[in-house]
Amino acid sequence: MSGSTLGTLFCVTSFGESHGPAIGCVVDGCPPGMALTEADIQIDLDRRRPGTSRHVTQRREEDKVEILSGVFEGKTTGTPIGLLIRNTDQRSRDYSKIAEKFRPGHADYTYWQKYGIRDYRGGGRQSARETAVRVAAGAIARKWLREKYGVVIRGYMSQLGPIKIEFKSWDGVYDNPFFSPDPAIVPQLEAFMDKLRKSGDSVGAQITTMACGVPVGWGEPVYDKLDADLAYNMMNINAVKGVEIGAGFAAVSQRGTEHSDQMAPEGFVTNNAGGILGGISTGQDVVVNVAVKPTSSIRLSRHTIDQRGNAVTIETHGRHDPCVGIRATPICEAMMALTLMDHALRHRAQNADVVTETPRVAAQAPAGAIERLRAAMATEDPQPDEA
């Protein structure tokens with residue numbers, strides 16, 4: 001199977017299936033000399049793992065990571081880092097009744113048509129179980145980015161089904177099961193999910209991921225734009241059906257005077273570009289929103305076909321997330337980290353010696369500077385359109 005590796009200089013190749021003995025990955029390209037232990041990786045895996053609340057799948061996996069190679073005496077050696085996570089709580093019998101049926105909205109049909117064989121137990125290779133190894137690899141990347149450049153990567157849920165969640169504070173985001181930036185709304189989210197779970201249906205979510213402290217200059221100007229690679233990697237997350245950088249689709253209704261991020265000597269006034277211009281980071285926060293679709297595996301009856309093309313109905317029983325987006329925040333953070341690490345190494349390889357006399361613009365101008373600039377804009381006479 002092709003398509004199991006991502007990255008150019010910082011490369012991750014994953015392997016394994018949902019109900020196989022284990023899942024894992026090989027991380028190649030990590031610079032030598034960084035202190036790394038399994039505990040560094042386990043922190044992020046614990047935030048993603050199943051069974052952490054009543055609102056997610058009750059599959060009980062410890063997601064305990066093992067470092068098999070690439071680390072000696074507690075430090076990375078520069079050689080490939082092998083990571084392994086053993087599967088310990090598979091219940092393959094839950095899927096025996098759908099072995100020859102295709103779940104609507106799932107990859108069963110396309111997988112079967114492409115390969116002529118599929119592991120129907122929990123989705124096999126196409127299962128979101130595989131994202132655990134991305135989180136493990138992402139933990140290595142985010143540690144290096146933080147220590148080398150001071151980059152901090154964080155995410156939160158910004159919408160659950162029809163409920164929009166306003167950002168209030170980073171405090172407590174990792175202390176509630178929804179990664180909500182507004183603790184006051186958590187009871188409403190819990191009531192919504194309790195009702196949804198009882199109904200047997202599922203729902204989607206929106207996740208916002210931000211990287212603060214990204215230097216100016218990461219990314220390529222044509223085919224390997226930083227935002228293009230972010231969109232590519234985020235779309236490679238199971239169940240993601242939409243990606244926005246910065247203002248995203250809101251840019252459709254914005255005017256140029258509103259959307260373009262004007263600059264004052266003290267810094268940028270806005271960040272509609274999401275920290276990326278022409279495919280290259282501006283030094284502002286890199287902001288990405290992803291849309292996660294409703295879970296395809298639900299117990300409610302739906303119409304489909306079997307492998308012989310006969311019309312049948314299907315109900316998917318077992319342990320499934322009624323909203324896969326609830327556990328998606330650590331995954332989005334990991335994919336952000338993997339993308340930024342790859343571009344950091346690429347920029348360092350070609351452009352580390354570049355120096356310009358232009359001072360670096362602050363990520364955000366102080367309030368006084370913003371008001372002065374806006375006042376100046378308000379007094380300017382609009383120019384008539386040229387004939």
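Things worth noting here:
- 5 angstrom amide H check on Gly78, placed H, neighbours 5+ away: Gly33
- Rounded FRET efficiency, nearest 0.05, which uses the C-beta distance separating Thr356 from Asp224 and R0 of 22 Å: 0.50
- Viscosity 0.890 mPa s, temperature 25 °C, Stokes-Einstein D of the chain from Kirkwood C-alpha radius, µm²/s: 109 µm²/s
- Shown in residue order for region 74-80 are the 3J(HN,Hα) couplings computed by the Karplus curve 6.51 cos²θ - 1.76 cosθ + 1.60 at θ = phi - 60°: x, 10, 5, 9, x, 8, x Hz (x for Gly and Pro).
- Pairwise FRET efficiency - Arg47 versus Lys148, Cβ, R0 = 30 Å, nearest 0.05: 0.85
- Relative contact order [Cα under 8 Å, 6+ residues apart], the chain, whole percent: 20 percent
- Cross-link pairs beyond the 20 Å C-alpha cut-off, checked among Lys164/Lys241; Lys114/Lys293; Lys114/Lys225; Lys75/Lys143; Lys164/Lys198; Lys97/Lys241: Lys114/Lys293; Lys114/Lys225; Lys164/Lys198; Lys97/Lys241
- Segment Asp194..Ile117, full-extension length gain: 24.0 nm, with 0.36 nm per residue of separation and the alpha-carbon distance subtracted.
- For region 338-379 and region 106-153, distance of Cα centres in Å: 32 Å
- Karplus-derived HN-Hα couplings along region 262-274 (A = 6.51, B = -1.76, C = 1.60, θ = phi - 60°), whole Hz, x at Gly and Pro: 5, 10, 10, x, 7, x, 6, 7, 9, 9, 5, 7, x
- Neighbour net charge for Asp229 - beta-carbon separation under 13 angstrom, K R +1, D E -1: -2
- Descending by average beta-carbon neighbour count within 10 Å, the peptides 97-106, 280-289, 345-354 line up as 280-289, 97-106, 345-354, the highest first.
- Around the amide H of Ile280, modelled in the peptide plane, lie the amide H atoms of Leu226, all under 5 Å away and 5 or more residues distant in sequence or on another chain.
- Amide H contacts of Ala22: Glu17, Asn87, each under 5 Å away and 5 or more positions distant or on a separate chain (H built 1.01 Å from N in the peptide plane; Pro and chain starts excluded).
- The calculated FRET efficiency for Cys212 paired with Phe15, based on their beta-carbon distance and R0 = 22 Å, is about 0.10.
- Other residues with beta-carbon under 13 Å from the beta-carbon of Pro330 carry, at +1 per Lys or Arg and -1 per Asp or Glu, a net charge of +3.
- For the peptides 302-308, 34-40, residues were scored by their other Cβ atoms within 10 Å and the scores averaged per peptide; the highest-first order is 34-40, 302-308.
- Among 248-258, 199-209, 231-241, 330-340, sorting by the average number of other beta carbon atoms lying within 10 angstrom of each residue, highest first, gives 330-340, 199-209, 231-241, 248-258.
- Across the options Pro294, Val65, Cys212, the greatest Cα extent toward the positive end of the charge dipole of region 5-375 (unit charges at beta carbon of Lys, Arg, Asp, Glu) belongs to Pro294.
- Note on region 6-53 and region 187-203: Cα centroid distance 31 Å, given to the nearest whole angstrom.
No lab work stands behind these numbers, since they all come straight from the coordinates. Predicted, not measured: the structure shown is a model, and the values here were computed from it. With ideal geometry, Cβ positions are generated from the backbone for all residues, glycine too; neighbour counts draw on all protein chains shown.
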